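Some notes on the structure that comes next.
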Amino acid sequence: MSGTVNESVLCPSQHPTSHPHQTQYLTQSLANTANTFLETVYKNNGTESTESIFDKVWQQTLSVPLFLVVILGPLLNFKSPTFFTKFNALGTLCVTFILAFVTIKAVQWGINIEFSDISSQFYVPMASSAFPALTGMLALAYFIHNGIVSILRGQENPENNGRDLSIAYILVAMTYTWVGVLFYISFPMKKSCIESNLLDNFASNDVLAFIARICLFLQMMTVFPLLIYIFRLQFMHTLFGAVYPGFCHVFILNMCVLSLCVIFAIFLPHIGTIIRFSGAFCGLAYVFALPCLVHMLYLRQMNRLTWPIILTHSFIIVLGFANFVGQFAILNEGKK
């Protein structure tokens, strides 16, 4: 049974130019006030400026990534891992609000999904050729195993690592499943309208969505430094034999990583595409290939490697490669 749909729900893929996109949503509700003030102060040959000064300054794929460098840059240079883990705890509060936000919207909308009536706008096929998009993202989820040792390195009570890690995986799985399934089955438009960032499906006048965007921004501010710390730890320890060889080393590495992120934000601002490609590629190495190759190498040294084992593990590697190739096969299907 469907609930009420209001004008705050959008389908950007059908009307790509009828409203702001992605991070512009976060500030669009404040843009009119800012423009009124700025256009009053600044004149163009004695007349009001006809072009929005706010739109000149705030450009999602040009100026915004540079603003974020100024905000996030200083957070990446801390030496102690305790800061990153403690700071990341703030993201838990943000996730809690996003869970509540999705639940409230789902209750308002009701269930909007159909498996049998092809003519219904809520029709969803039981199988889709675009499934590699999901498998690519799932591979990225498993890729976080690579950072577990780094995250737990600073544990005060390492004997609790198994318990804490199990709880963490269960909570993360519940969070992703709750948001993904609940939003998908209740979304009151065609499922093809759902954006990679689900908050892009809400207009700027939706108060709860506005708060959720702030929470998502705060969450990304806490997660990004932690991910950079994990990469920094592994990279520096491999190259220099030390986790923190010096401020200059860390600063240069952080600037290189930030520059790469800015390039993607400017020239490829499609988070769904980035996640599934990076997930499929990194998953091919860390989830499918390396574990199988290391295991077979170990068995070979022990003179226990057999052809059935070789074929089985080779098939697993082929699956990972097929998952990566599949990302190219669906480039032109659906939204990215």
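A few points about this structure:
- The alpha carbon centroids of the range 135-185 and the range 243-278 are separated by 22 Å.
- Inter-label distance, LEU66 to THR238: 3.3 nm, where each label sits 7 Å from its Cα along the C-beta direction.
- In sequence order, calculated HN-Hα J values of the range 205-220 (Karplus, 6.51, -1.76, 1.60; Hz; x Gly/Pro): 8, 7, 5, 4, 5, 4, 5, 5, 5, 5, 5, 5, 4, 5, 5, 5
- Where ASP164, ASP206 fall by accessible area, highest first, once all protein chains stay in place (1.4 Å): ASP164, ASP206
- Solvent exposure of the range 198-336, expressed per residue, is 56 Å² of accessible area, with all protein chains present and a 1.4 angstrom probe.
- Taking amide H positions as modeled 1.01 Å from N, with prolines and chain starts lacking one, the residues under 5 Å from TYR123 and 5 or more places away or on another chain are GLU114.
- Whether the range 174-329 is rounded, prolate or oblate, judged on the alpha carbon gyration tensor where a/c under 1.5 counts as rounded: oblate
- Accessible surface of the range 223-326, 1.4 Å probe, proportion on carbon and sulfur as whole %: 79
- Separation of the TYR298 and VAL95 label points, Cα + 7 Å toward Cβ, nm: 2.9
- Once you divide the Cα radius of gyration of the range 258-336 by 2.2 N^0.38 Å, the number left is 1.47.
- Each of the peptides 269-280, 112-123, 66-77 was scored by the mean count of other Cβ atoms within 10 Å over its residues; in descending order, highest first, they stand as 269-280, 66-77, 112-123.
- Unit Cα scatterers, Debye sum, the range 211-295: log10 I(q)/I(0) for q = 0.20 Å⁻¹: -1.17
- Share of carbon and sulfur in the accessible heavy-atom surface of the range 162-208 [1.4 Å probe, %]: 74
- Accessible area ranking (1.4 Å probe, heavy atoms, ligands and nucleic acids excluded), largest first, for ARG300, ARG232: ARG300, ARG232.
- Interchain or long-range residues, amide H under 5 Å from GLY110's placed H: GLY3
- Accessible area in the full protein assembly, largest first, 1.4 Å probe, for TYR298, TYR184: TYR298, TYR184
- Computed from the Cα positions only, the extents of the range 79-206 along the three principal axes stand at 57, 36, 24 Å, in decreasing order.
The values are calculated or read from the model by the stated rules, or taken from the named source; none is laboratory data. If you're wondering where the values come from, they're calculated on a predicted model, not measured in any experiment. Quick reminder, even Gly has a Cβ in these numbers, built from the backbone with ideal geometry, and neighbours come from all protein chains shown. Keep in mind that these areas ignore ligands, DNA and RNA; they rest on the heavy atoms of the full protein, side chains included. Shrake-Rupley method; radii C 1.70, N 1.55, O 1.52, S 1.80 Å.
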